[in-house]
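The structure appears right after this line, and notes come after that.
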Amino acid sequence: MPQFFLKHTTPAQLYIWHITESREQLKALLPHEKTEAVGKYASIVHQKQYLAKQILLHRTHLDKHIHYLTSGKPVLNDDQYISISHSDSYVVIAVSSQPVGIDIEKPNPKLIKINSRFKHPDDKLPALISEPVQLQYLWTAKECIYKLAGIAGLNFKNDIRLLSFNQFDTSGTALLKNRQKIKLFFNKLEPNFVLCTAFFSK
């Protein structure tokens, strides 16, 4: 069932759906016209993610204001900003009065093999946790910064630098290649998902 919460350290409303339902149960929660496009997704997992996203958009009335750029980036018609992410059994939507990027990731052993593609020697990683979890945080941070920046061809390793990570309030800072500073906020979702929200720093 859905979980709604407002993280007080971020200027965004986060809408979260933890998928525990079958595809048919999810479809039953939507008007028929909102389910017609589900067939374009080949896997059951992606179909359920699509349906969960539609439920969140429908229940928050965001479906009346959202459209998508040719790049696939979601945009709201009013003065608010939106970012969407999904991973396995979670779908997350962030809505804010300022530009926002969001990403959620489950543990992925492959990050160790490919870390040279996105990890820079100067990236500041969270201490006191294992390397796979460090890389999970780093990848999630850079992914949501990529969504926030909207810069074509942005290189995760060379163009995004994680400057700090505060394990006590689970916040961090980062820097883009154009010297724009980014503020990051992290949440952990059960059982071991990492959620990151990014904003331009004032």
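Structure summary
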read-out: Correct option for Rg/Rh (Cα atoms, Kirkwood Rh) [calculated from the coordinates] among (i) 0.93; (ii) 0.96; (iii) 1.03; value: (ii)
read-out: Choice from ILE160, ILE82, ILE151 with maximal GNM fluctuation in the chain (Cα, 10 Å cutoff); value: ILE151
read-out: In order through region 57-64: 3J(HN,Hα) via Karplus (6.51 cos²θ - 1.76 cosθ + 1.60), integer Hz, x for Gly, Pro; value: 4, 5, 6, 9, 6, 6, 4, 7
read-out: 0 to 90° range, to nearest 10: angle between helix 131-149 axis and the chain longest Cα axis; value: 70
read-out: Counted charge near PRO121, where neighbours are those whose Cβ lies closer than 14 Å (Asp, Glu -1; Lys, Arg +1); value: +3
read-out: Restricting region 140-189 to chymotrypsin sites (Phe, Trp or Tyr not before Pro) in coil, as DSSP defines it, with at most 10 other Cβ within 10 Å; value: PHE168
read-out: Inter-part distance where region 27-75 and region 139-162 are each reduced to a Cα centre, Å; value: 25
read-out: Rg/Rh (Cα only; Kirkwood hydrodynamic radius) as it applies to region 2-100; value: 0.95
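Computed from the coordinates by the stated procedures, all read-outs in this text should not be read as laboratory data. Treat the numbers as computed from the prediction; the structure is a model and nothing was measured. Neighbour counts are summed over all protein chains in view; Cβ atoms, including those assigned to glycine, are modelled from backbone coordinates with ideal geometry.
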